[in-house]
Amino acid sequence: LVMLTHLHADHAEGLPGVLRGRRVGEIALGAYDEPAPERQRVLHWAARAGVPVTEVRAGDRVRLGPLRWRVLWPGRVIDAGSVPNNASVVLDVRTRGLRLLLLGDVEPEAQRAILAAGGVGPVDVLKVAHHGSAYQAPELLAVARPRLALVSVGADNDYGHPAAETLTQLRRLGAVVARTDHDGTLVVTAPGLRLVTGGR
């Protein structure tokens, strides 16, 4: 399974490389279909590789081997901030005694809606939203209170990601913070909680 949280190029354009030389059974997308040109590229790449595309919605539950996950978002379109970011697929994942919260690129508006819907609690691992940008709802981070916070971010990016205030809040909550721009590839192993980095 390849899950594309939303259709911005930095989340979708790597799909041909993921499909090359690998056996992929399914590509999952959220219900929000903008930007339309990127969606068409994803559908083209999927068709060329012979991989079916499915749609996920809030409330969906999946069990796959030792993995269980629940789709927390998108529950609706939020016409504020970046609409595609706020339509990111957000997952609550359980595996081998660990709980992970994968936030895609949701911004404060969607983060608060997710929190208001209930079901979010302390997690072992948080995939920090939107590359660690300043656009966070502090109350969601406080409820999640992760032991380990992963920031997927490009080195020397022009956006100033990750934001110092986001990293500071995570550390104040007791999280160990790992970032792809400093630490390279990030791998979390279970059972237990161990982080392996690829180095840079």
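The values are calculated or read from the model by the stated rules, or taken from the named source; none is laboratory data. The shown structure was predicted, so the numbers you read here are calculated from the model rather than taken from an experiment. Positions of Cβ are generated from backbone atoms using ideal geometry, with glycine treated the same way; all protein chains shown enter the neighbour counts. Keep in mind that these areas ignore ligands, DNA and RNA; they rest on the heavy atoms of the full protein, side chains included. Shrake-Rupley method; radii C 1.70, N 1.55, O 1.52, S 1.80 Å.
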_Accessible surface, per residue, of the chain when the full set of protein chains is kept, probe 1.4 Å, Å²_ = 50 Å²
_Point-charge dipole on Cβ atoms (K/R +1, D/E -1) for the chain, about Cα centre, debye to 20_ = 1080 debye
*Tell me, how many Å apart are the Cα centres for segment 43-117 and for segment 1-34?*
12 Å
*So what is the diffusion coefficient of segment 1-89 in µm² per second by Stokes-Einstein at 25 °C and 0.890 mPa s, using a Kirkwood Rh over Cα pairs?*
180 µm²/s
*How far is helix 36-49 tilted, in degrees, relative to the longest principal axis of the Cα atoms in the chain, given as a value from 0 to 90 rounded to the nearest 10?*
70 degrees
*asked:* Show me, bin by bin at 5 Å from 0, the whole-percent P(r) of segment 10-59 based on Cα pairs.
replied: 4, 19, 33, 26, 12, 5, 0
*Tally up the carbon and sulfur contribution to the accessible surface of segment 21-89 as a whole percent, 1.4 Å probe, everything protein left in place.*
49 percent
_Per residue, the convex hull volume that the Cα atoms of segment 73-140 enclose (Å³)_ = 80 Å³
*asked:* Run the helix sum for the chain: -39,500 (n - 2.57) per DSSP H stretch of 4+ residues, divided by residue count, reported at 222 nm to the nearest 500 deg cm²/dmol.
replied: -7000 deg cm²/dmol
_Can you tell me the length gained on complete extension of the stretch Thr54 to Ala190, counting 0.36 nm per residue apart and subtracting the Cα distance?_
46.2 nm
*Based only on the alpha carbon positions, what is the Kirkwood hydrodynamic radius of segment 134-200, in angstrom?*
12.7 Å
_At q = 0.16 Å⁻¹, what log₁₀ I(q)/I(0) does the chain have when each alpha carbon counts as one equal point scatterer in the Debye sum?_
-1.12
